[in-house]
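Worksheet: the structure to be examined is printed underneath.
The values are calculated or read from the model by the stated rules, or taken from the named source; none is laboratory data. What you are looking at is a predicted structure, and each value in this text was computed from that prediction instead of being measured. Using ideal geometry, Cβ is built from the backbone for each residue, glycine included, and neighbour counts are taken over all protein chains shown. Surface areas here come from the heavy atoms of the whole protein model, side chains and all, with no ligands, DNA or RNA. Shrake-Rupley method; radii C 1.70, N 1.55, O 1.52, S 1.80 Å.
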Amino acid sequence: QVSVLYFARSAELAGLRCETLSVPQEITTLQLWEEIVKVHPRLALIRDQVILAVRQEYVLLGDQLLVLQPGDEVAIIPPISGG
């Protein structure tokens, strides 16, 4: 189980700021994103713009393998605009 934190537009689309999800311990970053989208299908709208942070380190969606530990933190960070 990992803690998933939603920020900005991702929180609006998911309808919450954080939750705990059960995911496989070994999973690619893209598979992790797909698991989250299964729970919150509206997040698919921002797929091409989103960045994930796992244990406070940015990761790209792709085939990078993650080995997650119980309680690890995954943050969903959409693009942030401002000036």
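Ligands, DNA and RNA left out, the accessible area of the chain computed with a 1.4 Å probe is 51% carbon and sulfur.
A cut-off under 15 angstrom between Cβ atoms defines the neighbours of P79, and their net charge, with Lys, Arg +1 and Asp, Glu -1, is 0. Per the Cα gyration tensor, the chain maps to an equivalent ellipsoid with semi-axes of 19, 14, 12 Å, ordered largest to smallest.
Picking from V37, V50, V67, which is most flexible by a Gaussian network model of the chain using Cα springs under 10 Å? The residue with the greatest mean-square fluctuation here is V67. Per-residue Karplus couplings for region 9-26, computed as 6.51 cos²θ - 1.76 cosθ + 1.60 with θ equal to phi - 60°, are listed in order as 4, 5, 5, 4, 5, 7, x, 7, 9, 7, 6, 10, 10, 8, 9, x, 5, 9 Hz, Gly and Pro entered as x.
In the chain, the longest principal axis of the Cα atoms and the axis of helix 29-39 are about 70 degrees apart. Amide hydrogen proximity for I51: with H placed 1.01 Å from N in the peptide plane, the residues at 5 or more positions away or on another chain lying under 5 Å are I77.
Can you list residues whose amide H is under 5 Å from V23's amide H, if they're 5+ apart or on another chain and H is modeled 1.01 Å from N? Placed amide hydrogens put V2 under 5 Å from V23.
When Lys and Arg each count +1 and Asp and Glu each count -1, what net charge do the other residues less than 12 Å away from Q64, Cβ to Cβ, add up to? Could the numbers behind the result be given before it?
On the way: positive: none; negative: E26, E57, D63.
Every neighbour counted, the sum reads -3.
Exposed loop sites were defined as trypsin sites (Lys or Arg not before Pro) in DSSP loop states (anything but H, G, I, E or B) carrying at most 15 other C-beta atoms within 10 Å; in the chain the longest segment without such a site runs 18-46.
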